[in-house]
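Here the structure comes first, spelled out in structure tokens, and everything after it is commentary.
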Amino acid sequence: MRPTVIILAAGLGTRMKSSLAKALHPVAGKPMLLHVLDAVGGTDPERTVVVLGHQADRVRQALAGYPVETVLQEQQLGTGHAVRQAAGAIAAATGPVMVLCADTPLLSAATLRSLLDVHGKKKAAITLLTAIVDAPQGYGRIVRSKGGVTGIVEEKDATAKQKKIAEVNAGIYCFRGDFLLGALGGLSNRNAQNEYYLPDTIALARKKKLRVESVVCSDTDEVMGINSRQDLSRAERFLQDRTNARWMRDGVTLLDPATVFIGPEVTIGRDVVLYSHTRLEGATSLGEGCVVYPGSRITDSSLGSGVTVKDHCVIDQSTISDRVSVGPFAHLRPGTVIAVNARIGNFVEVKKSVIGEGSKANHLSYIGDATVGSGVNIGAGVITCNYDGFTKSRTVIEDDVFIGSDAQLVAPVRIGKGALVAAGATITRDVPPDALAITRVPQENKEGVAGRRRKMLQDKKAAGNR
Ligand code: UD1
Ligand code: CA
């Protein structure tokens, strides 16, 4: 039977001490609510309702593209009250009603499916997911009698003895819809937090002698609820470890996986080597045999095969072809396209520019809004002056051009094929093919001047010492 799913996401998450609603805090680059929705997707739900409250508009925006409906819980009066906001969906459900919280991002679809399976087979009114954990603090504790669950007691309502119970409520349940609807009306808020607790439905079921079943989740990480920044960092670590392990299985070398971040949309070819402190973010792809040395961040970029990224580069929205070498300390900004075998060296910044096959810019350059042909050599310290304070203009450098060190190319300007720009030139007009462009003041050598100056200073120093 396909479940009707209710996800509780109305809380602010006070313990996060944040202005951002808890459901939107990212784990592994994605809001935690969306991780929960991905797991829910694996149960083929009949309908999914997300209960919104704090920052409802922002959460709704984050849900764009997901097949869900939303309802609003105007005041956060507790998890039981939150579920009541979805009463319409519960009444219409043809199968079981599964309730989850938005703050358990590590949950897997397989665990949800096994919960649904037990719930269906045992014909229970409630089947809840529990876990036996080392640190139960903060969770509702499972109270059992003769093996069966008789109730859940929240941390703030628990006696010292109950606080020692290591079995906790994961906050994930399957209900028979008709029972749930009735039980929600019977909840009271007489407890330490003056909230309507959803877990109180269990004691109500027992009172009515209805069946309450439980599934103990063996993977305690999976049911971890994120309530604080510390929980958040642990979840982040867990997901990164899982992703990194998968890439290693698929033939990628990670020399220090604890420091490597690989986003969920990233693709990586075989025999890629990632050194420590590498971050691959967004829609990034790396072809076979790339090597990324320590300390680089690559976002929304595509790298061909055999690309070398030397230490400490920032690469954003760029397309890099096979066998290119980038860095160390290069900054490739959006719109950079680099053709095969080109080299971008240290302290070079490239923006919205095309660099042709085999061209080189090895040292201390800014290349912005430029089209650079193939076989071009860009000397140390060359700058394209693309901005006059009002508009951006383009620089075109045709094939086989040599630009001497420290030249400035004042755009718009075109350097013709095979031309030579002398070191230190300030180019303000187009250079024809095969021409030499030079803008220097002629050099003058004054014979003996440096020698005479040195002798004068030495004599003066000697006189002072006497
Ligand atoms: C809850 C459970 C606890 C369980 C734990 C598992 C209750 C009373 N307690 O505690 O037994 O061990 O989860 O992680 O249910 N929410 C709303 N509206 C509200 C209140 C909460 O939508 O009025 C949402 C929150 O946004 C959150 C979820 O419900 O996604 C759980 O709320 P939270 O405050 O984190 O509950 P816990 O104290 O962790
Ligand atoms: Ca929680």
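The values are calculated or read from the model by the stated rules, or taken from the named source; none is laboratory data. None of the values given here were measured: they were computed from a predicted structure. Neighbour counts run over all protein chains shown; Cβ positions are idealised from the backbone, glycine included. Surface accessibility is based on the protein's heavy atoms, side chains included, excluding ligands, DNA and RNA. Shrake-Rupley method; radii C 1.70, N 1.55, O 1.52, S 1.80 Å.
In the list Leu364, Leu409, which residue meets the criterion of being within 21 Å of Thr439 (Cβ to Cβ) and open to solvent by less than 10 Å² (accessible area, probe 1.4 Å)?
Leu409
When the stretch 159-195 is examined, which residues are found to be within 35 Å of the chain's Cα centre (by Cα) and surrounded by 15 or more Cβ atoms within 10 Å (Cβ to Cβ)?
Across the stretch 159-195, the qualifying residues are Glu167, Val168, Asn169, Ala170, Gly171, Ile172, Tyr173, Cys174, Phe175, Glu195.
Scan the stretch 147-158 and give yes if some residue there is within 16 Å of ligand 2 (Cβ to nearest atom), at pLDDT below 95, touching a helix residue (DSSP H, G or I) at 6+ places or on another chain (Cβ under 7 Å) and open to solvent by 10 Å² or more (accessible area, probe 1.4 Å), otherwise no.
The answer is no, given that none of the residues of the stretch 147-158 is within 16 Å of ligand 2 (Cβ to nearest atom), at pLDDT below 95, touching a helix residue (DSSP H, G or I) at 6+ places or on another chain (Cβ under 7 Å) and open to solvent by 10 Å² or more (accessible area, probe 1.4 Å).
Hey, among Gly345, Gly306, Gly335, Gly327, which residue is open to solvent by less than 60 Å² (accessible area, probe 1.4 Å), under 15 Å from Val272 (Cβ atoms) and in contact with a strand residue (DSSP E or B) (Cβ under 9 Å, 6 or more places away or on another chain)?
Result: Gly306 is the single residue among Gly345, Gly306, Gly335, Gly327 that is open to solvent by less than 60 Å² (accessible area, probe 1.4 Å), under 15 Å from Val272 (Cβ atoms) and in contact with a strand residue (DSSP E or B) (Cβ under 9 Å, 6 or more places away or on another chain).
Filtering the stretch 1-37 down to residues that are in a strand (DSSP E or B), more than 12 Å from ligand 2 (Cβ to nearest atom) and among the hydrophobic types (A, V, I, L, M, F, W, C), which residue is farthest from Ala110 (Cα to Cα)?
By that ranking, first place goes to Val27.
Select from the stretch 181-210 the residues that are part of a helix (DSSP H, G or I) and in contact with a helix residue (DSSP H, G or I) (Cβ under 6 Å, 6 or more places away or on another chain) and write down the one among them that is nearest to ligand 1 (Cβ to nearest atom). Please lay out each step first, then the result.
Step one: list which residues in the stretch 181-210 are part of a helix (DSSP H, G or I), which gives 181-185, 200-207.
Still in the list and also in contact with a helix residue (DSSP H, G or I) (Cβ under 6 Å, 6 or more places away or on another chain): 181, 183-184, 201, 204.
Working: Leu181: 18, Ala183: 13, Leu184: 13, Thr201: 10, Leu204: 14 Å.
The qualifying residue nearest to ligand 1 (Cβ to nearest atom) is Thr201.
Could you identify the single residue in Phe402, Phe390 that is free of Cβ contacts under 8 Å to residues at least 60 places away in the same chain, in the same structural domain as Arg333 (by TED's automatic domain parsing), within 23 Å of Ala342 (Cα to Cα) and not β-branched (Val, Ile, Thr)?
Phe402 is the lone residue from the list that is free of Cβ contacts under 8 Å to residues at least 60 places away in the same chain, in the same structural domain as Arg333 (by TED's automatic domain parsing), within 23 Å of Ala342 (Cα to Cα) and not β-branched (Val, Ile, Thr).
Residues are listed down the side, and each one gets a yes or a no for (1) open to solvent by 10 Å² or more (accessible area, probe 1.4 Å); (2) under 22 Å from the mean Cα position of the chain (by Cα); (3) more than 8 Å from ligand 1 (Cβ to nearest atom):
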site: Met1; (1), (2), (3): yes, no, yes
site: Val5; (1), (2), (3): no, no, yes
site: Leu8; (1), (2), (3): yes, no, no
site: Gly13; (1), (2), (3): yes, yes, no
site: Leu34; (1), (2), (3): yes, yes, yes
site: Pro45; (1), (2), (3): yes, no, yes
site: Val59; (1), (2), (3): no, yes, yes
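For Leu115, are the conditions met, namely being within 23 Å of Gly13 (Cα to Cα), assigned by TED's automatic domain parsing to the domain that holds Val215 and buried (at least 16 other Cβ atoms within 10 Å of the Cβ)? First the steps, then the outcome.
On the way: within 23 Å of Gly13 (Cα to Cα): no; assigned by TED's automatic domain parsing to the domain that holds Val215: yes; buried (at least 16 other Cβ atoms within 10 Å of the Cβ): yes.
In short, no.
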